[in-house]
Each structure stands twice: as C-alpha cells, then as structure tokens.
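Step one of this worksheet: look at the structure below.
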Amino acid sequence: MASGPQLNTEATDFTLPGGVLSGETFDRSDYHLSAARGRSVVLAFYPGDNTSVCTKQLCSYSSGMEAFEGLDADVWGISPQGVDSHESFARAFGLRMPLLADEGREIAKAYGVSAPGIGVRRAVFLIGPDGVLRWKHVALLGATFQSLDTLTNHLSGIKDA
C-alpha cells in the first residue's frame, strides 16, 4: 500500500469535480487544493455515499461547520461516487461541506488510501494554510471515524503554530 504524502511536506495538489449544498441549490464546480491556500483544509476520504458510518461521519462534521469556520478551515468530503450521487447524499442529510468525486480514485491513490475491495479507506488529512500536511489518520478498518473534537483540537494547533 502506498504511504501517501508525509507529514510536514507539501500536500499533493489536485483538482476534482464536486458540489456543495447552498440553501436549495447544489452548486457544482471544480475544487483545486492549491486554491484553498490561506485556509486549513480537512480532506475527509470516505468509502461511500449513503452508508451508515459515512453518513454519521459527514453529518457530525457538517453539524460542526461553525467550529471549523472558527479555525479558518474548510472541510471537503472525497469519495469515488459521482457528483450526482453526492448531490442526492447532501440533500438527504443536509450536508454543508463540498463533496468531491474521485471516480478514478486517482487522488485516493496519491494519498495512499485506495484499497482493493472497499475502494477507499476512511482517512482524514489536515492541511495547513501553507499547503503543508500537518496531521493524518488512515483507518485500517472503516468502522470508526475521527471525531469533530479530535479534528478541531489538531486544527487549533495548526492555527496557533
């Protein structure tokens, strides 16, 4: 298994199609990691839309968006499903973060989280405003996820650094 980017090195840049629910509208666009410079970014890789653990994870992060905003951080969910699937998932659960489509799993491979059988391992990468990878967690089994508190604690350390 590829290890992906190492801590304290520049995060691998990418562009993925995605969208974010804004009121009644699902705004589709391309997301460029390099365009997020100046803010921290939480990359939350998850195996699939509308699955029980992924739904709990993304609902938890969505309900904590104000905490992320207070730390100048954006949260991007990334999975192999297409943007249409992401739109129905976001609408079903009122998810407030962009959901990005990594249909060829190229970005999952670049980050070392592509896995045979399940497609993508549940993983979180915290990238500082300077584009440097500051913290990561890759689950061996996808039954649990990193909590909002864990992420905001690590993000506040980045912001204060």
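The values are calculated or read from the model by the stated rules, or taken from the named source; none is laboratory data. Keep in mind that this is a model prediction, so the values were computed, not measured. Heads up, the Cβs are rebuilt from the backbone with ideal geometry, glycines too, and the neighbour counts pull from every protein chain shown. For the accessible areas, the whole protein counts, side chains as well, though only heavy atoms, and no ligand, DNA or RNA atoms are used. Shrake-Rupley method; radii C 1.70, N 1.55, O 1.52, S 1.80 Å.
So with the 1.4 Å probe, I'd like the accessible area per residue for the chain, rounded to whole Å². Walk me through the numbers before you get to the answer.
Details: 7240 Å² over 161 residues.
Result: 45 Å² of accessible area for each residue.
How would you classify region 89-146 from its alpha-carbon gyration tensor, with a ≥ b ≥ c the square roots of the eigenvalues: rounded for a/c under 1.5, else prolate if a/b is greater than b/c, otherwise oblate? Before the final figure, lay out each step's value.
Details: a/c = 1.41, a/b = 1.07, b/c = 1.32.
Note, shape of region 89-146 comes out rounded.
With each run of n ≥ 4 DSSP H residues scored as -39500 (n - 2.57), what mean residue ellipticity at 222 nm is computed for the chain after dividing by its residue count and rounding to the nearest 500 deg cm²/dmol? The partial results should precede the final answer.
Numbers: 5 runs with 47 residues, N = 161.
Taken over the chain, the calculation gives -8500 deg cm²/dmol.
Ratio of the chain's C-alpha Rg to 2.2 N^0.38 Å, to two decimals? Working shown, then result.
Numbers: Rg = 14.2 Å, N = 161, 2.2 N^0.38 = 15.2 Å.
In units of the globular-protein estimate, the chain measures up at 0.94.
Under a crude label model (7 Å from the Cα following the beta-carbon direction), how far is F93 from T144 in nanometres?
Label at F93, label at T144, 1.9 nm between them.
What is the P(r) of region 58-123, as percent of Cα-Cα pairs per 5 Å bin from 0?
Answer for region 58-123: a P(r) of 4, 17, 23, 21, 20, 13, 2, 0 percent.
Just how much of K136 is accessible, in Å², when a 1.4 Å probe is used and the result is rounded to the nearest 10?
Rounded to the nearest 10, the figure is 60 Å².
With +1 on the Cβ of every Lys and Arg and -1 on the Cβ of every Asp and Glu, and nothing else charged, how large is the dipole of region 79-148 about its Cα centre, in debye rounded to the nearest 20? The partial results should precede the final answer.
Working: 8 positive and 6 negative charges, 59 e Å.
Here the size comes out at about 280 debye.
Collect residues whose amide H, placed 1.01 Å from N in the peptide plane, falls under 5 Å from the amide H of V132; neighbours closer than 5 in sequence don't count.
So V132 has HN proximity to A11.
With a 1.4 Å probe and every protein chain kept in, tell me what percent of the accessible surface of region 37-141 is carbon plus sulfur.
Numbers: 2170 of 3910 Å².
Carbon plus sulfur share of accessible area: 55 percent.
Using each residue's phi in region 109-118, evaluate 6.51 cos²θ - 1.76 cosθ + 1.60 at θ = phi - 60° and report the 3J(HN,Hα) Karplus result to the nearest Hz, with x for Gly and Pro.
5, 4, 8, x, 10, 6, 9, x, x, 8
Got the relative contact order for the chain handy, in percent, Cα pairs under 8 Å and 6 or more residues apart? Write out the running numbers ahead of the final one.
Details: 331 pairs, mean separation 50.8, N = 161.
Normalised by residue count, the contact order of the chain is 32 percent.
Rounded to the nearest 10 Å², what accessible area does H32 have for a 1.4 Å probe in the complete protein model?
80 Å²
What list of ³J(HN,Hα) couplings, whole Hz, do you get for region 123-138 from phi and the Karplus terms 6.51, -1.76, 1.60, once you set θ to phi - 60° and write x for glycine and proline?
With coefficients 6.51, -1.76 and 1.60, one gets 8, 10, 10, 9, 10, x, x, 8, x, 9, 6, 9, 7, 8, 9, 10 Hz.
Just by accessible area at a 1.4 angstrom probe, what is the order of L21, L100, L7 from largest to smallest? Don't jump to the answer; show the numbers that get you there.
Values: L21 35, L100 0, L7 85 Å².
Largest accessible area first, the residues go L7, L21, L100.
Residue by residue through region 13-29, what is 3J(HN,Hα) from phi via Karplus (6.51 cos²θ - 1.76 cosθ + 1.60, θ = phi - 60°)? Round to whole Hz and write x for glycine and proline.
6, 7, 10, 9, x, x, x, 9, 6, 10, x, 8, 9, 9, 7, 9, 6
Please list the non-local residues whose amide H lies under 5 Å from the amide H of S147, H modeled 1.01 Å from N, same-chain partners needing a gap of 5 or more.
Counting only residues 5 or more places away or on other chains, the set is empty.
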